[in-house]
Amino acid sequence: MPSRRERQSLERIRATIYNQPKHATWRQSGVPYAATLKGTSVLKFKGGDIYRRLLGCSRAEYDLLQPLVVQWLALVYQGDEIYEDAQASGRSSAEGGWKQRMRDLAEGHGLYQPSIGKEIDELERYYILEGQILLGEVELTDEVLQDVLRIRSSDFFSLLGVVFRARGERCAPDYEALLRSLWLLGEIDDDLKSYAEDVAANSFNTLRLMVWRHGAGGAVAGLRALQDKAIADLLGGIRTASRDTLVRMASGSEVLPLENLAGLLRLLPTGVLRALTGTLLRIEMDMIRKIPVPAPIAESGPLVAATS
């Protein structure tokens with residue numbers, strides 16, 4: 001039985017997504033099926049239920065939001081493919097209508113706001129910076145490394161803003177900060193699994209960046225330092241997080257199935273709730289620390305081209 005809070009959210013989503021389709025560009029074609037397929041595969045396989053929980057959605061909310069979420073990710077991957085094609089031709093810049101279509105999608109549902117536009121801009125900047133790094137057009141300094149890893153998640157955080165507004169909610173800054181640390185750790189995990197494949201394809205990968213920056217001998221230490229910083233930020237954030245953020249983090253845990261107990265979690269004293277959330281996260285972080293790192297493959301990387 002949905003809670004009163006969820007029923008209100010579902011009513012708002014129905015009204016927002018299904019009762020006011022009103023942007024002229026929605027009638028235009030232009031999103032390749034390959035991009036739609038890739039976006040859908042992220043939801044069904046790569047991200048699965050974790051993706052839904054990170055967006056803060058119940059299953060019923062997520063089901064209603066599917067047309068918006070799938071189209072959003074399809075546009076993300078349309079942009080990704082455009083820039084990948086440009087990189088294959090030796091260019092880091094490209095043109096395409098994907099970015100405006102993302103704005104149109106949010107605007108047509110009455111969900112657009114400047115913070116969402118900023119994340120879309122950051123996504124475009126990520127595509128460009130990724131190409132510049134892979135093509136050796138910029139030097140991979142510590143600042144560039146930190147910047148590219150931060151904006152890499154702009155696809156998710158642009159969608160997060162849209163989804164929260166569709167539910168009539170505001171994403172609290174402390175919750176977003178915790179999610180950014182979690183998302184970075186998840187991307188590192190994905191990169192470790194695909195490392196050999198990414199080296200062979202000359203694709204973007206966090207461990208490859210560490211090799212280029214620190215050498216094969218120092219890459220693992222660099223990667224572990226990055227993980228440790230994200231974990232420290234995550235656990236530190238829990239110590240000051242609001243009650244609502246603590247409930248979201250605890251109910252979204254992979255350690256215990258607490259999602260359907262959010263109402264009960266809200267009844268816990270703040271100290272107990274904070275301790276529970278911290279314990280669940282520490283267990284997850286211990287699991288992350290045990291993920292093996294592949295042996296780094298020595299590569300001179302694009303840094304040589306950038307400084308020669």
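The values are calculated or read from the model by the stated rules, or taken from the named source; none is laboratory data. Computed from a predicted structure; not experimentally measured. Here Cβ is always computed from backbone atoms with ideal geometry, including for glycine, and neighbour counts include all displayed protein chains. Only protein heavy atoms, including side chains, enter the accessible area calculation; ligands, DNA and RNA are left aside. Shrake-Rupley method; radii C 1.70, N 1.55, O 1.52, S 1.80 Å.
In the set (1) of a type outside the set (Phe, Trp, Tyr); (2) closer than 30 Å to residue 214 by Cα; (3) under 19 Å from the mean Cα position of the chain (by Cα); (4) open to solvent by 40 Å² or more (accessible area, probe 1.4 Å), the condition left unmet by residue 71 is number (2).
Which of the residues spanning the range 162-175 are open to solvent by less than 40 Å² (accessible area, probe 1.4 Å) and outside any loop (DSSP other than H, G, I, E, B)? Steps first, please.
Narrowing the range 162-175 to residues open to solvent by less than 40 Å² (accessible area, probe 1.4 Å): 162-164, 166-167, 171-172, 175.
Within the range 162-175, 162, 163, 164, 166, 175 meet the criteria.
Yes or no: residue 125 open to solvent by 40 Å² or more (accessible area, probe 1.4 Å), in a helix (DSSP H, G or I) and modelled with pLDDT of 95 or more? Here the answer is yes, as residue 125 does meet what is asked. Within the range 218-249, the residues that satisfy the criterion of being more than 12 Å from residue 178 (Cα to Cα) and touching a residue at least 12 places away in the same chain (Cβ under 8 Å) are 219, 220, 222, 223, 224, 226, 227, 243, 244, 247. Looking only at the range 238-258, residues that are in contact with a Phe, Trp or Tyr (Cβ under 9 Å, 6 or more places away or on another chain) and not hydroxyl-bearing (Ser, Thr, Tyr) come to 4 in all. Here the condition is being closer than 30 Å to residue 5 by Cα, of a type in the set (A, V, I, L, M) and crowded, with 18+ Cβ neighbours inside 10 Å; of 159, 209, it holds for 159 alone.
To keep it simple, each residue is scored yes or no on (1) surrounded by fewer than 14 Cβ atoms within 10 Å (Cβ to Cβ); (2) at positive phi; (3) of a type in the set (Gly, Ala, Ser); (4) within 22 Å of the chain's Cα centre (by Cα).
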{"site": "233", "(1), (2), (3), (4)": "no, no, no, yes"}
{"site": "249", "(1), (2), (3), (4)": "no, no, no, yes"}
{"site": "262", "(1), (2), (3), (4)": "no, no, yes, no"}
{"site": "270", "(1), (2), (3), (4)": "yes, no, no, no"}
{"site": "273", "(1), (2), (3), (4)": "no, no, no, no"}
{"site": "281", "(1), (2), (3), (4)": "no, no, no, yes"}
{"site": "293", "(1), (2), (3), (4)": "no, no, no, yes"}
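Within the range 1-37, the set of residues being open to solvent by 100 Å² or more (accessible area, probe 1.4 Å) and touching a residue at least 60 places away in the same chain (Cβ under 8 Å) comprises 12, 22.
Scan the range 90-99 and give yes if some residue there is in a helix (DSSP H, G or I) and either within 15 Å of residue 154 (Cα to Cα) or modelled with pLDDT of 95 or more (or both), otherwise no. Reasoning before the result, please.
Residues of the range 90-99 in a helix (DSSP H, G or I): 98-99.
Still in the list and also either within 15 Å of residue 154 (Cα to Cα) or modelled with pLDDT of 95 or more (or both): 98-99.
Scanning the range 90-99, I find at least one residue that is in a helix (DSSP H, G or I) and either within 15 Å of residue 154 (Cα to Cα) or modelled with pLDDT of 95 or more (or both), so the answer is yes.
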